[in-house]
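Engineer: Got a structure here, written out as C-alpha cells. Questions coming.
The values are calculated or read from the model by the stated rules, or taken from the named source; none is laboratory data. Because the structure is predicted, anything quoted here is derived from the model rather than measured. Don't worry about glycine lacking a Cβ; one is built from the backbone with ideal geometry, like all the others, and counts go over all protein chains shown.
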Amino acid sequence: MGNKQDVLLAVRDVVKVFGPVTALNKVNLEVRRGEVLGLIGENGSGKSTVTSIVAGIQPPTSGEMFFQGKPWKPSSMTGALSGGIGMIVQESGVIAGITIAENIVLGEFDRFGKFGFLTKSQINVTAREALRSVGADDIDPSLPAASLDLQDRKIIEIAKVWVKSPEIFIVDETTTAVSQRGRQILYDLMKRQTQAGKSVIFISHDIDEVMEVCDRLTVLRDGNIIRSLPKKEFSLDVIKQLMIGRELKGDYYRSDFDGSSSDEIVLSVRHVSGQGLDDVSFDLHKGEILGIGGMSHCGMHPLGKILFGFLQARQGEVVTADGTRIRSVKTALKKAVGYVSKDRDSEALVLRAPIRDNIVSAGLDIFAKLKVFLLPADEKTYSKKQVDGFQIKCSSDLQFVNQLSGGNKQKVVFGKWIGAQSKILILDCPTRGIDVGVKQAMYQLMYRLKKEGISIIMISEEMAELIGMSDRLLVMKNGRIAAWFPRSADLSESKIIEYMV
C-alpha cells in the first residue's frame, strides 16, 4: 500500500499563516486509495485548516499539493467538489433562507435554467435523488432548510457532497453533530467509498471512534505533524499523549461518587408539554449537576431551550426559587440563567464579531457604569479575564470568532456565561467537537462550579460523560421522563440504554 499509484493526494510542505499565528508548519501528508485516514489533535492543532485548504475553502500561504498525480490548486469549495474532493464542514454549511433542494444544488443553478428562470420541479427531483443516495428519502426537499434541526441539516450537507461522487470524502467533526441515524448513514457511506477504491479523511475528537473507523491515523499538534500510525499501532494512551504532548494529570471525569447536593431547589419544571415534550416535571438543586440523556430526538434539546425561555411550552411552567416564571430569554438572563447551545455557531455566538464582543454580551449589567455606560477599558479587562482563564488561543480578544477552532469557540461561549456570573447553567452537548485535553478542563470546571454552588443541567448524547459527571441522571424517551438514576460507581451504559431505546 505504499507505491505511487496508491497515493491519491499528496500535501507537501504546506504552511498557513494567519497574522502572527502559524496554523500549519510545513505539513506533509498522503491519502491513499481505499483507506480512511484519520486526523486527530487538540483544538487549534491544524486538522480543519489543512483539510479546508485541500477542499478549496482557503489557499495555503506556501507549499504545494498533488491530486491524482497532478498539481492541485482549488480556488473554491465548489471547484474542489467538481474536481473530486468534497468536504462536510464542522459547523453548519446550510443556508437557512432557501429550500433544502436549493441548498443541495447551490452553485449549479445554471443547469436548471429555462428562459432565465429556475425550474423548481427539476431542482426538487435532483435533490430527492441526492437524498435517496444517502438513505434519507424521508426528507422533503421542497421544505425550507430553516425547518430542519442541526442533525438533519448535516444530512443535507452530506447528500450535497456525496451525490458528486468525490474521490476523497472529507468528514470534519460531523459525527458529533448528527443523530445516531445520521452517524450510521455516514459510516455506511465511508464503507462504500473505500470499497470503491476511493478515500476518506476523517476528523473526530472521539478517540474510540477514530480507532474504530480509521485505517491509518495522523496526529497534529500546534500545526505540526507529530506522527502517523497504522491501525496495528493504535493505542488509546499513545494517541492521547501524542495529541497533547503530555500525560493527562488528575481525574478526567469526577472521581467521587457522592451524588448528594443541597436541599435548596433553584429551578422547578412543572408539567411541561409541547415542543415534543409530554408532561415533564423535575427540580434542580443548588450545587447539583443534573444530567439529561436520551436518543437525539427524545425531546431533551427542546427542553433545554424551554428552560432558557428560547422556546415556549404549550402547557406547564419553569419557575425559579423566588417564584419567577421563565417565559423569555430576557427573564432567564435577569435570573442569572446561562445557556450553552448544541448549535454553537448559529445560537451561541456571533461569528463575525470579535471574541471580546461575544464575551461581554452577557455581562453588560455587571460592568456597565450606572447600567448605561460602557467604558472600553472595562470591556477589555472583563474580556481578558475570560480569555486568560480559559486559555483561548487567539492573536487578541479582537480576533473574530469565526477564525477560531471549535474548541476555542466553545471556550468563548463558556467565558460569556461564567463572566456573567450565571447561577444556573444549561449546557446542551457542552463538549461537542472538543479535544480530550479541553474536555478534561471543562469537566474540572463543571465540578469546581458545582462546589461553588452553581447548578448545572447537562444535556448530552455521550453516555460516558453523563455517567462520569452527573449527581442525578434523568433519561428521556419520546418526550417523557423514562427513568432516574442516582450517581453510583455501579451505573453502566447498558442499564441506561434499555430505557432510552
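Engineer: So in the range 165-176, with the set limited to residues that are assigned to a loop (DSSP other than H, G, I, E, B) and modelled with pLDDT of 90 or more, which one is farthest from VAL54 (Cα to Cα)?
Structural biologist: First, the residues of the range 165-176 that are assigned to a loop (DSSP other than H, G, I, E, B): 165-167, 173-176.
Filter once more, keeping what is modelled with pLDDT of 90 or more: 165-167.
Details: SER165: 17, PRO166: 13, GLU167: 13 Å.
Residue satisfying both the conditions and the ranking: SER165.
Engineer: Name the single residue that is surrounded by the fewest Cβ atoms within 10 Å (Cβ to Cβ) among those in the range 144-182 being in contact with a helix residue (DSSP H, G or I) (Cβ under 7 Å, 6 or more places away or on another chain) and among the hydroxyl-bearing types (Ser, Thr, Tyr).
Structural biologist: Step by step, filter the range 144-182, then rank; the result is SER179.
Engineer: Right, next: Give the residue that is modelled with the lowest pLDDT, with candidates limited to residues of the range 353-388 that are under 22 Å from ILE456 (Cα atoms) and assigned to a loop (DSSP other than H, G, I, E, B).
Structural biologist: GLY363
Engineer: Would you confirm whether any residue within the range 178-185 is within 30 Å of SER133 (Cα to Cα), modelled with pLDDT under 85 and part of a loop (DSSP other than H, G, I, E, B)?
Structural biologist: yes
Engineer: When you scan the range 298-352 for helices (runs of 4 or more DSSP H) that lie fully inside it, which ones turn up with 3 or more residues that are among the aliphatic types (A, V, I, L, M) and touching a residue at least 12 places away in the same chain (Cβ under 8 Å)?
Structural biologist: Numbers: elements: 300-307, 329-334, 344-347.
Of the helices (runs of 4 or more DSSP H) lying wholly inside the range 298-352, those with at least 3 residues that are among the aliphatic types (A, V, I, L, M) and touching a residue at least 12 places away in the same chain (Cβ under 8 Å) span 300-307, 329-334.
Engineer: Looking only at the range 183-197, which residues are more than 21 Å from the chain's Cα centre (by Cα) and buried (at least 19 other Cβ atoms within 10 Å of the Cβ)?
Structural biologist: The one that is more than 21 Å from the chain's Cα centre (by Cα) and buried (at least 19 other Cβ atoms within 10 Å of the Cβ): GLN193.
Engineer: Can you tell me which of ASP152, ASP188 is touching a residue at least 40 places away in the same chain (Cβ under 8 Å), part of a helix (DSSP H, G or I) and either over 19 Å from VAL54 (Cβ atoms) or of a type in the set (S, T, N, Q) (or both)?
Structural biologist: Step by step, each of ASP152, ASP188 is checked, and only ASP188 is touching a residue at least 40 places away in the same chain (Cβ under 8 Å), part of a helix (DSSP H, G or I) and either over 19 Å from VAL54 (Cβ atoms) or of a type in the set (S, T, N, Q) (or both).
Engineer: Still on this structure, please answer the following. Mind listing just one residue for me: the one in the range 461-480 that is part of a loop (DSSP other than H, G, I, E, B) and touching a Cys at 6+ places or on another chain (Cβ under 9 Å) and, of those, farthest from ASP428 (Cα to Cα)? Step through it out loud before you land on a result.
Structural biologist: At the first step, the residues of the range 461-480 found to be part of a loop (DSSP other than H, G, I, E, B) are 461-462, 470-471, 478-479.
Next, from what is left, pick out any that are touching a Cys at 6+ places or on another chain (Cβ under 9 Å): 461-462, 478-479.
On the way: GLU461: 9, GLU462: 11, ASN478: 18, GLY479: 16 Å.
If we take residues in the range 461-480 being part of a loop (DSSP other than H, G, I, E, B) and touching a Cys at 6+ places or on another chain (Cβ under 9 Å), then ASN478 is farthest from ASP428 (Cα to Cα).
Engineer: Counting only residues that are at pLDDT below 85 and of a type in the set (A, V, I, L, M), which one in the range 227-262 is farthest from the chain's Cα centre (by Cα)?
Structural biologist: LEU248
Engineer: Could you please let me know if SER273 is assigned to a loop (DSSP other than H, G, I, E, B), of a type in the set (S, T, N, Q) and touching a strand residue (DSSP E or B) at 6+ places or on another chain (Cβ under 7 Å)? Don't jump to the end; show me each part of the working.
Structural biologist: On the way: assigned to a loop (DSSP other than H, G, I, E, B): no; of a type in the set (S, T, N, Q): yes; touching a strand residue (DSSP E or B) at 6+ places or on another chain (Cβ under 7 Å): yes.
No; evaluated as a whole, the condition is false for this residue.
Engineer: Do you know which residues across the range 449-460 are part of a loop (DSSP other than H, G, I, E, B) and touching a Leu at 6+ places or on another chain (Cβ under 9 Å)? I'd like the intermediate steps shown before the answer.
Structural biologist: Initial filter on the range 449-460 (part of a loop (DSSP other than H, G, I, E, B)): 452-454.
The answer is ILE454, and nothing else.
Engineer: Specify which of the listed residues (PHE117, PHE66) is in contact with a strand residue (DSSP E or B) (Cβ under 7 Å, 6 or more places away or on another chain) and either among the hydrophobic types (A, V, I, L, M, F, W, C) or at pLDDT below 90 (or both). Break it down stepwise before answering.
Structural biologist: Values: PHE117 fails: in contact with a strand residue (DSSP E or B) (Cβ under 7 Å, 6 or more places away or on another chain).
Every option except PHE66 fails the conditions.
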